[in-house]
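The values are calculated or read from the model by the stated rules, or taken from the named source; none is laboratory data. Not measured: the values here are computed from a predicted model. FYI the Cβ positions are ideal-geometry reconstructions off the backbone, even for glycines, and counts take in every protein chain you see.
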Amino acid sequence: MAFALTLVLLASPGMSLEPLAKRIAHKDPSKYSREPHVHGGAGEMFFEELFNAAVFETNLLFLHRGVLPPKSGIGHHYHNQMEEMFVILDNEPSSRSTAAPPV
């Protein structure tokens, strides 16, 4: 995923006007927002936005980095107009699909 994201960022003409140092996002846990019961899920999630739609000239809406503590989760929900992807960097996921059922 990091490689694909790098290609999107480099291929974006608007991004090339900014110096490289401003185009690299760094995680900063001190800036994480606390969101309790995301979509009705258990526990809480801590995250920050690394990029938003204004940065990209693609259909990518945002890139968040965060922490989902043990016994926390994102509640079951649907995305009818978009897809969502989670990349687990540490530990193991326990998940189920959020895809809408066939119509």
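Structure above, values below:
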quantity: Residue pairs meeting the criteria (Cβ under 9 Å; at least 6 apart or on separate chains; first among the hydroxyl-bearing types (Ser, Thr, Tyr), in the range 42-68; second exposed (fewer than 14 other Cβ atoms within 10 Å of the Cβ)); calculated: Thr58/Ala11
quantity: Residue ID - nearest to Phe86 (Cα to Cα), chosen from residues in the range 50-68 that are surrounded by fewer than 14 Cβ atoms within 10 Å (Cβ to Cβ) and not aliphatic (A, V, I, L, M); calculated: Phe62
quantity: So Pro101, is it modelled with pLDDT under 75 and either of a type outside the set (A, V, I, L, M, F, W, C) or in a helix (DSSP H, G or I) (or both); calculated: yes
